[in-house]
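K.L.:
I am attaching a structure below and will ask some questions about it afterwards.
The values are calculated or read from the model by the stated rules, or taken from the named source; none is laboratory data. Note that the structure is predicted; figures quoted are calculated from it, not measured. For neighbour counting, all protein chains shown are included, and Cβ atoms are generated from backbone atoms with ideal geometry for every residue, glycine included. We work out accessible area using only protein heavy atoms, side chains counted, and drop any ligands, DNA or RNA first. Shrake-Rupley method; radii C 1.70, N 1.55, O 1.52, S 1.80 Å.
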Amino acid sequence: MIYLDHHATTPPSQAVIDAMAAVMAGSWANASSKHGPGQAAGRVLAGARSVVAQSLGCKPAEVVFSSGATEANHLAVRGLLAAAPEGRRRVVFSAVEHAGHLKLARELMEAGVPVDFLPVRADGALDLDAATRLIGADVALVSLMAANNETGALMPVAGVAALAAAAGARLHVDATQWVGKMPFRFADFGADAVSFSAHKFHGPKGVGALLLRQGVAIRPTVPGAQERGRRGGTENLPAIAGLAAALAALGSEVELAAEAARQAALRDRLEGALMAELPDVRIWCAGVPRLPGVSFLRVGRWEADVLLQRLERLGFAASSGAACSSSGTAPSHVLTAMGVPDDEALCAIRISLGRSTTAAEVDALIAALPTLRTLLPTADAVAA
Ligand code: PMP
């Protein structure tokens with residue numbers, strides 16, 4: 001099976017597996033214990049923290065390890081809101097945040113917190129004029145993703161950071177799809193808090209972090225002594241070591257940019273072939289800056305499930321959007337926010353390449369397109 005769903009998750013690299021196995025076997029003590037084995041585990045934790053800090057351009061004390069981006073997102077939004085000065089109660093999300101994050105937005109609304117959503121334009125880019133209107137003096141924080149998990153569209157973080165700063169509001173950025181794919185330095189990003197998950201860049205699942213700018217007040221959602229009181233619970237040291245190993249393997253900014261260019265070239269070649277070989281292909285967000293390895297598209301009006309099943313039969317694993325919501329048949333909320341009608345949105349599939357994707361794998365998919373075309377029901381059959 002050729003795996004083309006790297007936005008859902010990525011395979012752990014051998015360096016990550018080795019780092020985790022070494023910590024599980026040799027550093028299993030509690031990193032908070034005062035005895036020798038505990039102190040040794042504490043040094044492993046400190047070492048991983050400084051690798052993260054060095055790789056992501058932040059201070060070690062700004063790293064709060066968590067169980068992944070979902071938890072880090074919760075900590076950022078609930079924690080920054082709880083610590084906001086009186087008179088600042090409103091929270092502003094983008095309308096295209098990760099589906100799980102929008103559930104948090106709805107929970108806040110049900111609890112009586114005023115919430116606004118920043119719209120996107122038909123091309124998938126964030127509407128900065130609306131952001132200018134919505135980010136005012138009563139806003140506690142703005143929560144914006146750096147890059148969309150479905151379309152790959154990049155969000156104008158710097159522009160929104162300037163609006164948030166002018167309004168005196170905090171800015172949280174969900175950089176889960178950005179970190180590992182695009183050059184990133186927390187110190188230059190303009191956000192007060194940034195979340196990410198290790199499994200999106202060949203690290204383990206169930207671990208991530210919130211980077212929290214020094215001096216920014218936050219109330220923990222899971223209180224406890226660990227992580228300087230910002231996130232309680234015994235640290236998952238093997239996973240944290242795996243996260244650090246995955247970050248270390250990303251290489252320099254130049255290497256990261258070269259890998260992004262490689263994936264973009266493969267993606268563009270694939271999109272050219274899809275347009276040439278299949279009827280009526282529409283690729284969303286192709287006209288705005290987007291992540292290098294992703295293609296979010298429909299082929300005619302074939303429903304996503306039909307297309308994905310035929311692709312799987314031919315040996316390719318792709319998805320119909322976010323893995324977390326792809327079990328349902330609801331249209332993508334991202335496409336809905338872009339004004340795409342439901343019947344069209346239900347045809348959306350996501351092909352996402354990654355570091356482990358080879359040119360031969362993309363060529364295999366291109367070579368399979370004529371066969372795929374014969375496997376699809378005819379337009380008459382679809383209409384019937
Ligand atoms: N935010 C974004 C943009 C994501 O793509 C994901 C994972 N699909 C998450 C948050 C949640 O990450 P995790 O499930 O690792 O907590």
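K.L.:
Which of the lysines could be linked to residue 205 by a straight reach, that is with a Cα gap under 26 Å, when you skip same-chain ones fewer than 8 residues away?
P.N.:
Partners found: 59, 103, 181.
K.L.:
Over the chain, one equal point on each Cα, no solvent: what is log10 I(q)/I(0) by the Debye formula at q = 0.07, 0.11, 0.13, 0.15 Å⁻¹?
P.N.:
Summing over Cα pairs of the chain leads to -0.33, -0.79, -1.07, -1.32.
K.L.:
May I pose another question? For the chain, what is the calculated [θ] at 222 nm in deg cm²/dmol (nearest 500), taking -39500 (n - 2.57) for each run of four or more DSSP H residues and dividing by its residue count?
P.N.:
Counting only the DSSP helices, I get -13000 deg cm²/dmol.
K.L.:
While we're looking at this one, here's another question. Rounded, prolate or oblate: which one fits region 82-148, using the alpha carbon gyration tensor with axes a ≥ b ≥ c (rounded when a/c is under 1.5, else prolate when a/b beats b/c, else oblate)?
P.N.:
Details: a/c = 2.24, a/b = 1.38, b/c = 1.62.
Because a/c hits 1.5 or more and a/b fails to exceed b/c, region 82-148 counts as oblate.
K.L.:
Still on this structure, I have one more. Given points 7 Å out from each Cα along the Cα-Cβ axis, report the residue 282 to residue 225 separation in nanometres with one decimal.
P.N.:
About 5.8 nm separates the two model spin labels.
K.L.:
Compute the semi-axes of the equivalent ellipsoid of region 228-384, taking the square root of 5 times each eigenvalue of the Cα gyration tensor, and list them largest first in whole Å. Write out the running numbers ahead of the final one.
P.N.:
Details: eigenvalues 213, 87, 46 Å².
The three semi-axes for region 228-384 are 33, 21, 15 Å.
K.L.:
Expected output is a single nm value to one decimal: the length gained when fully extending between residue 1 and residue 82, i.e. 0.36 nm times separation in residues minus the C-alpha distance. What is it? Don't skip to the answer; put the middle values down first.
P.N.:
Values: separation 81, 0.36 × 81 = 29.16 nm, distance 4.66 nm.
Gain on stretching residue 1 to residue 82: 24.5 nm.
K.L.:
When the Kirkwood radius is taken over all Cα pairs of region 109-211, what Stokes-Einstein diffusion coefficient follows at 25 °C and 0.890 mPa s, in µm²/s?
P.N.:
On the way: Rh = 14.5 Å.
Stokes-Einstein gives a translational diffusion coefficient of 169 µm²/s.
K.L.:
Kindly list the residues of region 69-96 that lie in the label zone of residue 110, defined by a backbone N under 17 Å from the point 7 Å along the Cα-to-C-beta vector.
P.N.:
Only 74, 78 pass the distance filter.
K.L.:
Right, here's the next one. Say the dipole of region 55-193 comes from +1 at the beta carbon of Lys and Arg and -1 at that of Asp and Glu; which of 146, 189, 130 then lies farthest toward its positive end?
P.N.:
Going by the charge dipole, the pick is 189.
K.L.:
So, in nm, how far is label residue 61 from label residue 132 when the simple model puts each one 7 Å beyond its Cα toward the Cβ?
P.N.:
Calculated label separation equals 3.9 nm.
K.L.:
Taking the Cβ of residue 84 as the centre, find all other residues whose Cβ is under 12 Å away and add up their charges (Lys, Arg: +1; Asp, Glu: -1).
P.N.:
Values: positive: 78, 88, 89, 90, 170, 219; negative: 86, 138, 192.
That works out to +3.
K.L.:
Oh, and also: Select from 80, 33, 21 the residue farthest towards the positive end of the dipole of region 1-105; place +1 on Cβ of Lys and Arg, -1 on Cβ of Asp and Glu, and compute about the Cα centre.
P.N.:
Comparing the listed Cα positions along the dipole, 80 ranks first.
K.L.:
To continue, here is another question. Quick one: if you stick a label point 7 Å off each Cα along the C-beta vector at residue 363 and residue 165, how many nm between them?
P.N.:
Calculated label separation equals 4.8 nm.
K.L.:
Another question, if that's okay. Starting from the Cα-Cα distance between residue 217 and residue 9, subtract it from 0.36 nm times their residue separation and give me the gain in nm to one decimal.
P.N.:
Numbers: separation 208, 0.36 × 208 = 74.88 nm, distance 3.18 nm.
Computed gain between residue 217 and residue 9 is 71.7 nm.
K.L.:
Same structure again: Tell me the relative contact order for the chain as a rounded percent, counting alpha carbon contacts under 8 Å between residues six or more apart.
P.N.:
Details: 755 pairs, mean separation 87.9, N = 384.
After rounding, I find 23 percent.
K.L.:
For the chain, report the accessible area per residue in Å² (1.4 Å probe, heavy atoms, rounded to an integer). Spell out each step's value before the answer.
P.N.:
On the way: 15630 Å² over 384 residues.
Dividing the accessible area of the chain by its residue count gives 41 Å².
K.L.:
Now a separate question. Arrange the peptides 71-83, 357-369, 241-253 so that the one whose residues have, on average, the most other Cβ atoms within 10 Å appears first. Spell out each step's value before the answer.
P.N.:
Details: 71-83: 23.4, 357-369: 15.3, 241-253: 21.6.
Answer by packing, highest mean first, reads 71-83, 241-253, 357-369.
K.L.:
For residue 34 and residue 336, FRET efficiency with R0 = 35 Å and r from the beta-carbon atoms, rounded to 0.05? Please report the intermediate quantities before stating the final value.
P.N.:
Numbers: r = 54 Å, r/R0 = 1.55.
Working from the Cβ atoms, E equals 0.05.
K.L.:
Follow-up question, since we're still on this one. So, by mean Cβ neighbours within 10 angstrom, what's the order for 17-28, 330-341, 59-70 with the highest one leading? Walk me through the intermediate numbers first.
P.N.:
Working: 17-28: 16.0, 330-341: 19.2, 59-70: 21.3.
Order by mean packing, descending: 59-70, 330-341, 17-28.
K.L.:
May I pose another question? Normalising by the residue count of region 108-168, find the relative contact order in percent from Cα pairs under 8 Å and 6+ residues apart. Working shown, then result.
P.N.:
Values: 50 pairs, mean separation 17.9, N = 61.
Worked out over region 108-168, it gives 29 percent.
K.L.:
Keeping the other protein chains in place, figure out the carbon and sulfur percent of the accessible area of the chain, with a 1.4 Å probe.
P.N.:
57 percent
K.L.:
Give the Cα extents of region 1-138 along the principal axes, in whole Å, largest first.
P.N.:
Ordered largest first, region 1-138 gives principal extents of 55, 48, 29 Å.
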